[in-house]
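Chemist: Can you keep this structure in mind? I'll have questions shortly.
Any read-out appearing in this document is the output of simple, stated calculations on the displayed coordinates, not a laboratory observation. None of the values given here were measured: they were computed from a predicted structure. So basically every Cβ, Gly included, is an ideal-geometry build from the backbone, and we count neighbours across all protein chains shown.
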Amino acid sequence: MSAKAGVHQKGSFTVQDAIDNIKRDPEFPKAGAIGLFIGVVRGDTVDGQKVEKLQLEAYEEKADQVLGKICDDLTRKPGIVNVQIHHLLGEFKVGDDLVYVAVAGSHRPEVFTVLREAVERYKSEAPIFKKERVFHEKGSSEEYWVSERHPH
């Protein structure tokens, strides 16, 4: 896993770690902004069911490679100094952090554009799998892989 990207067990990496990684980059003095995206567990599904918990798993070696490649690709864009994507794995409850995406660049417009692209790319390219456990109105619950229930 590079310092720029990877998957981590919940509790082993923080948003501050991502920011610190960016600030340690020798190119950081060229930056005028850091944009940050923190993905969290939403309390409702797209169907309006209540989420009890999420379980995130990954093909870790491949996920590290894919996330690293996304960061490398995006860091080559004009005005971009550093891109970080760190996805957490394990069991999560509503409101828990899931992913940190941070982009440092010369100016706001480039940072915001690349931040959005980084989020869209990790969601579609990284082999990270989400199992959702939801409550039903009558008190029962159900667990399923999100890609099986709600493909992109």
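Chemist: At E143 and D44, where each label point lies 7 Å from the Cα along Cα→Cβ, what is the point-to-point distance in nanometres?
Modeler: 2.5
Chemist: Dipole magnitude of region 1-100 about its Cα centre, charges +1 at Lys/Arg Cβ and -1 at Asp/Glu Cβ only, in debye to the nearest 20?
Modeler: 320
Chemist: Semi-axes of region 24-152's equivalent ellipsoid from the Cα gyration tensor, sqrt of 5 times each eigenvalue, largest first, rounded to whole Å?
Modeler: 33, 15, 12
Chemist: Contact order normalised by length for the chain, with contacts defined as Cα pairs under 8 Å and 6 or more residues apart; what percent is it?
Modeler: The value is 32 percent.
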